[in-house]
Amino acid sequence: MIPVEENEDDQLVTIIADGKSAGTFYVRLADKKPDYSVPFDLTPYKGKNLILDFKKISKGNAGAQQNDTTTTVWDDFTFIDTFDTTNKEHYRPLYHHTPEYGWMNDPNGMVYKDGKWHLYYQWNPYGSKWQNMTWGHSVSEDLIHWEQLPAAIEPDALGAIFSGSAAIDHTGSAGFGEDAIVAMYTSAGHSQMQSIAHSTDGGLTFEVYPGNPVITMKTEARDPKIFWNEETQEWNMVLAHALNHEILFFSSPDLKNWTRTDAFGKVGATGGVWECPDLFELEVEGTGEKKWVLIVNLNPGGPFGGSATQYFIGDFKDGKFTADVAADGSIPTKWMDFGKDHYATVTWSDAPDGRRVALGWMSNWEYADQVPTMQFRSANTLPRDLKLFQDADGELFLASVPSPEVMKLRGKAVVSAAKVAVGKAGKKFSLPRSNDGACEITADVKASGTGMAEFTLSNADGEKITISYDAATDELIFDRMHGTFTDISHNFPAVTKAPAFSSDGKVSLRIFVDRSSVEVFANDGKSVMTNLIFPEKPYTVLTVSGKGKAEVTNLKVYEINMK
């Protein structure tokens, strides 16, 4: 167990086994008082003489190293047989996926096989801040209950293992056998290159392809998303040309030899780097028409600062993507989620029943490493099934609906009100006391003119958040300005707004409250907002209030059932 102090600088640790280098990793070695400890597995080195050589990274000279490892905590290094991952965090979510320990960001390589949803993710096994990018691995049979498994792909001589994707090679086109899972990811060493690995044991372990890298470029490009194109009987890939604000398209017969076919970009939101792309086809609800959706994650440049997920709708043919245009001939910017904490969103490959299921990283690069947790950092959103719909003007948009599996979370209804009188004073309801107030809230709202309905979650210390529907602007509004949030970052307090896509002022809401997050879904996922919260004490009261012509009906508050 290596003691970590988060305010210290990284130290480069060289593993020396029997006098030979056996790899490296970085750790913020404690100097005075450890915040926590992280495990270094000695099993692979049994019977060998082992040295861990620590070299401090100098702040004053980026990249320079010095043999300054004077520390007062060498006695805090300990040897154990088992690592206790019991939750020690007040804010660890009850029903959202998190790593047992360590830092997590982008979802990676998501693939469904043999009844299991495999979720790989950017993971740091040696601390709760970004570093040592490895593909962590969790698996679930129901998208709700997750089991963390050993790391799937670890850094190698080509560099850290950045984001990417995976798919089942049903025909064995890559030469690894029929139904092998093939992962493609960015090797991030001195430059960013694309590499592959394969698994023949159902995604538990991967063998890195000795011919890596399979794509090299002079400029920064990352986060490959691969899929089998049934129409052309070939593999296609989208790759983020990050600093150029464009997506590159490639085709391949075997996942090893790639031909560039197109580039799309320099439109939409370009205030930051383009990352974590995805491309898939969906049927437009109620029409039978099919369109392609290109997801592009952006940081910074989101509608409320920092990270966000935009998308484009269009056609994909012969390796080229053509975006639909608005009435004025421009390519509109569309957002998948209007909260502050929805990023790196991609979808599962090979999902059953033709489903397109998405998952996002529930944080924002403006403050991701400053949120008040240490045993772990970051969680994923709820899983969301995607669909296309037309608004009243016939324009196409992407809806994100809580996946059907989420219904399993719905426990006993502790609040049930057919109609709530909406006024300035408001009507108060008690939130569940179990699980620190984690719950699901559902309600129907109808408002017109300047009417507004508000749902406020609060505690006895005056901390609160408010979710509102404003009929005058037809917007949903999420206010997290009132709490201790400024202690996290000046970028954390925020008011986010989303088009409600109401029908004659009618809005149906599903609100999922966890210990450190709130996700709002309106009108069957046509409008979505995801925001983190960190109240010092759980919210205990729901106040329903409003003004003008507004009414709330069918209000229910459900406990969360994790059985």
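The table below lists the values:
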read-out: Cα lying deepest toward the dipole's positive end in the chain, options VAL520, HIS145, VAL208, charges on Cβ; value: VAL520
read-out: Relative contact order (percent, whole number), the chain, Cα cutoff 8 Å, 6+ residue spacing; value: 11
read-out: Net charge of neighbours whose Cβ lies under 13 Å from the Cβ of LYS497, counting Lys and Arg as +1 and Asp and Glu as -1; value: -3
read-out: Under 15 Å from the Cα of LYS549 - aspartates and glutamates, other chains or at least 8 residues apart; value: ASP444, GLU454, ASP470, ASP474, ASP504
read-out: Principal axis dimensions, segment 475-559 - Cα atoms, whole angstrom, descending; value: 41, 26, 26
read-out: Cα centroid of segment 1-38 to Cα centroid of segment 107-152, whole Å; value: 23
read-out: Cα→Cβ-extended label distance, 7 Å offset, between THR200 and THR484, nm; value: 5.4
read-out: Per-bin percent of Cα-Cα distances, segment 396-510 [10 Å]; value: 11, 36, 39, 14, 0
read-out: Paramagnetic label zone (point 7 Å from Cα along Cα-to-C-beta, THR450; backbone N under 15 Å) in segment 461-499; value: 470-474
read-out: Label point distance in nm, TRP130-THR442, each placed 7 Å from Cα along Cα→Cβ; value: 3.9
read-out: Modelled FRET efficiency - R0 41 Å, THR82 with LYS408, Cβ distances, 0.05 increments; value: 0.85
read-out: Charge sum, other residues only, whose C-beta stays under 10 Å from TRP130's C-beta, Lys/Arg counted +1 and Asp/Glu -1; value: +1
read-out: Size of charge dipole - segment 348-433 - debye, nearest 20, with Cβ of Lys, Arg +1 and Asp, Glu -1, no other charges; value: 840
read-out: Restraint check, LYS291/LYS334; LYS20/LYS113; LYS56/LYS225, Cα-Cα greater than 27 Å; value: LYS20/LYS113; LYS56/LYS225
read-out: Where labels lie 7 Å past Cα in the beta-carbon direction, separation of ASN7 and THR261 in nm; value: 5.4
read-out: Surrounding net charge for HIS145, when Lys and Arg each add one and Asp and Glu each subtract one, Cβ distance under 11 Å; value: -2
read-out: Spherically averaged projected area in nm², based on the convex hull that wraps the Cα atoms of the chain; value: 26.9
read-out: Kirkwood Rh (inverse of mean 1/r, distinct Cα pairs), segment 1-143, angstrom; value: 17.0
read-out: Extension gain (nm, one decimal) between ASN554 and SER434, 0.36 nm per residue minus Cα-Cα; value: 40.9 nm
read-out: Translational diffusion of segment 307-425, µm² s⁻¹ [Kirkwood Rh, Cα pairs; Stokes-Einstein; 37 °C; 0.692 mPa s]; value: 184
read-out: Separation of alpha-carbon centers, segment 309-324 and segment 43-58, rounded to whole Å; value: 49
read-out: Rg/Rh (Cα only; Kirkwood hydrodynamic radius) as it applies to segment 122-239; value: 0.97
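No lab work stands behind these numbers, since they all come straight from the coordinates. Everything quoted here is computed from the prediction, not taken from an experiment. For neighbour counting, all protein chains shown are included, and Cβ atoms are generated from backbone atoms with ideal geometry for every residue, glycine included.
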